[in-house]
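Reading through the C-alpha cells given below for one structure.
Readers should treat all values here as calculations from the given coordinates under stated rules, not as data from a laboratory. Values in this document were obtained by computation on a predicted structure and should not be read as measured data. Positions of Cβ are generated from backbone atoms using ideal geometry, with glycine treated the same way; all protein chains shown enter the neighbour counts.
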Amino acid sequence: MIKKFSSILIVLLSVLFFISCSASIVDSTQPLSDEEIVGNGDVIETTKEPQATTDNSIINEFLQNHNGVYYGVYEDGSLNVRYIIDNNAIYNGYGTLIDATRVLLENKLQIYTVGKTSGTVSGYDMNDEMYTLNFGEDGNIYLFANAVFKQENYSSQKGYSTHIGEPIDGLKTYSANYYYYDYDDSKKYYIIINDLGQIYMDDNFGINYSKAELSNDNILTITYTQSGGTTSKQDLYFYNNKLIYGNTWINNQLQYEKLIKHDLFSTYTGTYVSDDNTITLTVAAGQITLSTLSKYDTPVITGNVLTIYQYSSRYPTKEHKIVFSDDKTQAVYTKPDGGGTVTLKKQSA
C-alpha cells in the first residue's frame, strides 16, 4: 500500500522532519535535544556552508554507505515504501528513479526536483519539490518536507487580508506573491508580502495572533495561533528567488517523520515463476510485484524472507511470506489463510 505524500497545503501546516547531523561533542550524561537526535530541516545554503558539497562522487560514496529501503509507518502500524537507496541511486515509493539536484552537509542530504514545464502538464506537476533526508546513527532516516513556493510580482488578492506581525523593513526586498499549485491545479498563495514589508496570509487559516521576524537577511520566522488554539512556528528561507520551508513546529513540537530502514530488494533481483505459470514474482531494485496482488501492497525484505503486506481498510492485514533459497534460484511462497505453499523458480535472464 502506497499512500501519496500529503498535499502541499497540508505540508504547509504539518511539515515533516529531522535527524542528528551535528558534529559537536555531546555530553552523554545529559538527555539529547530533538535536533541532536533527528537533525533539522534548515535549507543548506552552499555559499554559507563551506563543508556542503554538490560533488556527485562524494555524494555517491555517502549513499552507498546508506543503502536500504526506507518505510514510513502509519498510526495503525502499516508500512509504505518512501525511499529506496540502492548503490548511488534514489527511488521514490513508486519505484521511480529520482532525478534531482543533491546537496550534502555531513549526514544531511537535500534533494531538489524541478517541476515540469511543459504546457500539457497539470498545474500541480509544475511545483518544485525539496526534501531533507537526515541519516541518523540508528540507521534510519529522519525526513523533512521543504515546501517550495515560486514568486510573482506583488498584487493584493481577495481572501488574503490577514496580517502576520508588523511590517518589516528588510522584507521590502522580498515583496512578492509566493504561490504553489494545489491538486486541483489552481494557483494558491502561501504568503503575500507588500511593498511596505507587510505579510499577508489566507483568511481561511483563521489566525487570531501572529508575529514575524527576519534574521540573517533571508530567514523569515512566522509564529501564529489559529482559532481553536493550534500554534505554529515556521522558518521560511528566501533562496534562489523562491520561498522554501525550513523547520516547522506545531504546538511546540518539531515536525518530522522517521523512516525505518530494511534490506534492499535488489539482493534478489529476478523473475520467479510457479511451475503452472499462474504466479509470477518480479523483483527489481525499485519495486517488487506479485502477479496475484496489487502493486500497491507493501513488500519488506528481512534477510532472505520477503513479506508482502496486503492492507485493507475493511479486512485484517494479510501477510504473503516468500523465502528465498541460499543460492537465490528459487523461492517458496506461503499463501495466507492456510492457502498452501508454492515453489517459484527463478527464470534465466
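Here is how the numbers come out for the structure above:
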read-out	value
Debye equation applied to the C-alpha atoms of the range 187-327, log10 I(q)/I(0) at 0.09 Å⁻¹	-0.57
Loop-resident sites, the range 71-173, for trypsin sites (Lys or Arg not before Pro), counting at most 16 other Cβ within 10 Å (DSSP)	K116, K158
Relative contact order (percent, whole number), the range 39-138, Cα cutoff 8 Å, 6+ residue spacing	21 percent
Radius, Kirkwood style, for the range 264-346 when every pair of distinct Cα atoms is counted (Å)	12.8 Å
In the range 86-156, GluC sites (Glu not before Pro) in a DSSP loop with at most 13 other beta-carbon atoms within 10 Å	E137
GNM top mover of P167, P299, P316 - the chain, alpha-carbon springs below 10 Å	P316
Gaussian network model of the chain, Cα within-10 Å springs - most flexible of G206, G228, G246	G228
Cα centre as origin, Lys/Arg/Asp/Glu Cβ charges: the chain dipole, Debye	920 debye
Relative contact order computed over the chain (Cα-Cα under 8 Å; 6+ residues apart), in percent	15 percent
Pairs of Cα atoms farther than 23 Å apart, the range 55-209, %	53 percent
Cβ-based charge dipole, the chain, positive-most Cα from I222, I191, A331	A331
Mean shadow area of the chain, taken as a quarter of the surface of its Cα convex hull (nm²)	22.1 nm²
Highest-fluctuation residue, N127, N204, N251 considered, GNM on the chain with Cα pairs under 10 Å	N204
